[in-house]
Amino acid sequence: MTRHSRFGFLAIIPALLLALPLQSFAHPRQLEAIDRGLVVANVGKSGMLVSWRLLGTEKADTEFNLYRDGKKIATIGKTDGTNYLDKDGKITSKYTVSAVVDGKEGEKKAASFVFDSTVAFDGQTFPYKVLKLDRPASQVMPDSVNTVCGYYPDDMSVGDLDGDGEYELIVKWFPDNFKDNSQQMVGSYTGTVFLDAYKLDGKKLWRISLGRNIRAGAHYTPFQVYDYDGDGKAEIVMKTGDGTIDGKGKVIGDSSKDYRNASGMIITGPEYLTVFRGSDGSEITTIDYLPSRDIRNFGPYDSLGLNWGDTYGNRCDRFLSATAYLDGVHPSLIIARGYYTAAYVVAYDFDGKNLKQRWFHKSETPGEGLFGQGNLNIVVGDLDGDGLDEIVYGSAALNHDGTLRYSTGLGYGYAAYVGNFDPDHAGLEVWAIHSHFDSTRYVAELRDDKGKFLFGDLSPMQKENGRAMAADIDSTSRGYELWSYVPSEMHSAKGTPIKLSDSLDPEDPYLGRVIPTSFRIYFDGDLQDELLNGPVVSKFNQQNRKIETYFDGETSLGLIGNQSAKNYPNLVADLFGDWREEMIFRSESDSSKIYIFSTPVTTPHRLYTLMHDAQYRQAIAWQNTAYNLPPHPSYYLPDMAKKLTKPNVYAAGENEYAVYPDAGYYV
C-alpha cells in the first residue's frame, strides 16, 4: 500500500469529505482496507451470480469490467448494481473484476469465495458454502457424577486479522452446559470457552482457551474484533482470567488457580482484560479488568451486595463491550459492567502495544445516571450527527466523553436499537423495550437523540417485554417498521399502527408471535429488510399484508439457531460481494459444520459496502454481546440508494499522521 507522511495526508483530506447525510464532521473515520470481495454463487440452472464491493474510498459512479476465464463478459455502468448473473457460467469458471477510473482499467481482482452448494426451496435455488470447523473435544466436569459437555459454535465475528484485505472468521465455542448468571446450583460447572480464528476456506489460524476461571454463558465473554491501532490488522479484546491460554500457547496469569465455587461460579480471584494479536492469537497486553467485581473501592457503599443487588455473583458478572469513534476518527474500545443496579463503563485507546484509559464512567447511586438503566446489550451511534459517537446504555445514553447524555428512567430491558428509523426526523432514533410490570410506563418506545419520547406502547397486560425489532419491511410506509412482543402491534416510524392481515396464524412457534423478532437481514434484491427466526427467512407481502416464508433452512438443511428461544444466527454481516448480507447458521446434527448463505438473486440497486458505514461496522463488532441484536446502518437505505453518498472513511493502514486527542484537527 502507498503510505503518506502525516503532512502529505492533509492534501488528500478534501477528496474524502463527502459525508453521509447525518455526518457533517470534518475528518474521515478510519475503517478497514478491505478488498473488492468478489464472490461467485451457484444459483443452479440460472447460472452463476457474481457480485463485488463498491468501496467507501471510491467514487459512487465507478464502472467495472467483469471477466470470465480471461474474456470480458460485461461492463457494469455507473449506476448499475455491482452484481451480474452469468447465465453461461459454470462452477469451474474463473472470474475477475476490475474498476474503470477515468477511462483506465485497474488491476483485475480474482474471486475470493465460491458458494458452491445449492438447496432448492419454493422454486428458488439458494447458494451456500459449508465449512468444517475444528470442534473442541468434550470435557468432563469436576462434579459428583463427572458430567460430560460437548461443544457447538455460538457467537461469531469477523475482522481482517492478517492485513490481506479479506475477512477472517472468529468463532466462540460454547459448551452445551453453559449457564446463565442467575442459575445457582451446586455442581453446575461449565466447560471451557474457546475462541478460534479461521480463514474463509476453513483453515484454522489459532485457538485461545479462556480457561476454567472464565464461566460459559451469554453474559460473560463478549469479545471485540476491530483494528484499534490502524495498522490494517484487527485485534481481539476480551475478559480473561488465570489460566487463559493465548493462540501461541502462552498462559496468562497463574494456571494452577481454580476459583470456581460449589456452584461453578467464579466470584473471587483476579480478572483481566487482554488484547490479542489477530494474526496469531498471541497476547499483546493484559491489564486488570476495570472495575473489579468487588466495587467497594469505587462505590459509596460498604458491601458488595448493596451495590450489585446480590452477593452470589449474578449482577456483578454482567459484561458488555463495544467499539466507538469517540474522537470522530479513531476507534476506541468500550468495556462495561452492570445492567440492573450499579453501572460502570470504561473507554480505552490502543496504540499497538498498550491500552490507555480515555475515561471511566461510574453510576453508583440509585436514581442517577445509568444506575438501573442497563440492557442485555449495548449499541453505539452518532446520535446527533456531530461526528462523535454516543453510547446507548439501555434506557440511558453517554456522550462521547463519558458524561451522561440522558436517562429516561424506564429501567432495564432486553433490547435497544439505534438507526435512522425516521429519515425525516433530525438525528438518529432509539427503539427500546423495557421489562417492568407497571402498566403506566412504556414497555416499548421510540426516542430521539436527546432521550425525548416520540411515541410508545403501554402494557395493559403488565408483562415483561422480552423481544422487539426495528426493520424496514414495508416499502409503502416511509421509514422503518417497529414492533415488540408486548403489545404485538406494528408501528410506522411516526407511530402510526400498521394494519396486517386478519388471517395471520396465532400459533406461530415464536412465543405466540406472528411477526418474527429474532433478527433482520438484507437478503434479496429489494431495498427492504427480510426477517429471521432462526434459519428461516421471512418477507412481508405488501399485497396480502402477511409475513411469508422466503427460505427455510431448518427443514431443508437441518440448521438451528443459537440461544434456544432467542434463535439467533451465528452471524449476519455484509461479508463479501455487494451490499446484501450473508447469514451463518450451524448444523443441528453435526455442530462442527457451519453453513454460510448468500443472496440467490441480482439487484439493480447500487450501494457502498455496508462495512464502510462506521455504525454498521461497529454493530458487527458488538453483535455478539449478551443477547445478540442485528446491525443497522447509520442512514436510511432506500434514500441512500436513490442518491448515493460517499462514506466519510479512509482505509486503515494507508496513511500516517498524528492527531492530538480530542483536538479535532491534524498536525
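Only Cα pairs under 8 Å and at least 6 apart count here; give the relative contact order of the stretch 57-205 as a rounded whole percent. Provide the component values of the computation, followed by the final result.
On the way: 237 pairs, mean separation 21.1, N = 149.
Relative contact order for the stretch 57-205 comes out at 14 percent.
Is the stretch 34-136 best put as rounded, prolate or oblate by its Cα gyration tensor, with a ≥ b ≥ c the root eigenvalues, rounded for a/c under 1.5, and otherwise prolate when a/b is larger than b/c, oblate when not?
On the way: a/c = 2.04, a/b = 1.57, b/c = 1.30.
In terms of gyration-tensor shape, prolate.
Cα centroid distance between the stretch 610-630 and the stretch 170-199, in Å?
One Cα centre to the other: 22 Å.
State, as an integer percentage, the relative contact order of the chain based on alpha-carbon contacts under 8 Å between residues 6 or more apart. Walk me through the intermediate numbers first.
On the way: 1806 pairs, mean separation 107.3, N = 667.
Once normalised by length, the contact order is 16 percent.
Summing -39500 (n - 2.57) over the DSSP H runs of n ≥ 4 in the chain and dividing by its residue number, what mean residue ellipticity at 222 nm do you reach, to the nearest 500 deg cm²/dmol?
Numbers: 4 runs with 25 residues, N = 667.
The helix contribution divided over the chain gives -1000 deg cm²/dmol.
Enumerate the aspartates and glutamates that Lys257 could reach by cross-link, defined here as Cα to Cα under 14 Å, with residues fewer than 8 away along the same chain left out.
Filter leaves Asp242, Glu271.
May I ask for the net charge around Met611, where only other residues with Cβ less than 11 Å from the Cβ of Met611 are counted and Lys, Arg are +1 while Asp, Glu are -1?
Details: positive: Arg53, Arg617; negative: Glu32, Asp160, Asp574, Glu581, Asp613.
For residues surrounding Met611, the net value is -3.
Rounded if a/c is under 1.5, else prolate if a/b beats b/c, else oblate: with a ≥ b ≥ c from the C-alpha gyration tensor eigenvalues square-rooted, which is the stretch 530-654?
Values: a/c = 1.98, a/b = 1.35, b/c = 1.46.
Cα axes put the stretch 530-654 in the oblate bin.
Scaled to the compact-protein estimate 2.2 N^0.38 Å, what is the alpha-carbon radius of gyration of the stretch 471-613, rounded to two decimal places? The partial results should precede the final answer.
Values: Rg = 15.4 Å, N = 143, 2.2 N^0.38 = 14.5 Å.
Normalised Rg, Cα atoms only: 1.06.
Give, as a single signed number, the net charge of other residues whose beta carbon lies under 15 Å from the beta carbon of Phe455, with Lys and Arg counted +1 and Asp and Glu -1. If you can, show how the numbers build up before the last one.
Numbers: positive: Arg441, Arg447, Lys452, Lys494; negative: Asp422, Asp424, Glu429, Glu445, Asp448, Asp457, Glu481, Glu489.
Net charge around Phe455: -4.
Amide H neighbours of Gly394 under 5 Å, counting only residues 5+ apart in sequence or on other chains, H built in-plane at 1.01 Å?
The list, which skips near neighbours in sequence, is Asn375, Val379.
What lysines does Lys353 reach when the alpha-carbon gap must be under 20 Å and sequence neighbours fewer than 8 apart in one chain are set aside?
Lys233, Lys239, Lys248, Lys250
Considering only protein heavy atoms, what per residue accessible area in square angstrom results for the stretch 307-438 with a 1.4 angstrom probe?
Using a 1.4 Å probe on heavy atoms only, each residue of the stretch 307-438 averages 25 Å².
Would you please classify the overall shape of the chain from the alpha carbon gyration tensor, given that a ≥ b ≥ c denote the square roots of the eigenvalues, rounded means a/c under 1.5, and beyond that prolate means a/b larger than b/c while oblate covers the rest?
Values: a/c = 1.31, a/b = 1.25, b/c = 1.05.
Because its axes are fairly even, with a/c under 1.5, the chain counts as rounded.
Any aspartates and glutamates with Cα under 20 Å of the Lys450 Cα? List them, leaving off those in the same chain fewer than 8 positions away.
Within the straight-line limit of under 20 Å, Lys450 reaches these aspartates and glutamates: Asp327, Glu368, Asp382, Asp384, Asp386, Asp389, Glu390, Asp401, Asp422, Asp424, Glu429.
On a 27 Å Cα-Cα criterion, which of the cross-link pairs Lys94/Lys132; Lys59/Lys199; Lys129/Lys179; Lys104/Lys129 come out too long?
Values: Lys94/Lys132 24 Å; Lys59/Lys199 30 Å; Lys129/Lys179 31 Å; Lys104/Lys129 35 Å.
Check vs 27 Å cut-off fails for Lys59/Lys199; Lys129/Lys179; Lys104/Lys129.
Residues with beta-carbon under 9 Å from that of Leu169, excluding Leu169: net charge, scoring Lys, Arg +1 and Asp, Glu -1? The partial results should precede the final answer.
On the way: positive: Lys199; negative: Glu168, Asp196.
Value of the local net charge: -1.
The values are calculated or read from the model by the stated rules, or taken from the named source; none is laboratory data. A quick note: this is a predicted structure, and the numbers were derived from the prediction, not measured. Quick reminder, even Gly has a Cβ in these numbers, built from the backbone with ideal geometry, and neighbours come from all protein chains shown. The protein model used for the area step is the full one, side chains on, heavy atoms only, and it has no ligands, DNA or RNA in it. Shrake-Rupley method; radii C 1.70, N 1.55, O 1.52, S 1.80 Å.
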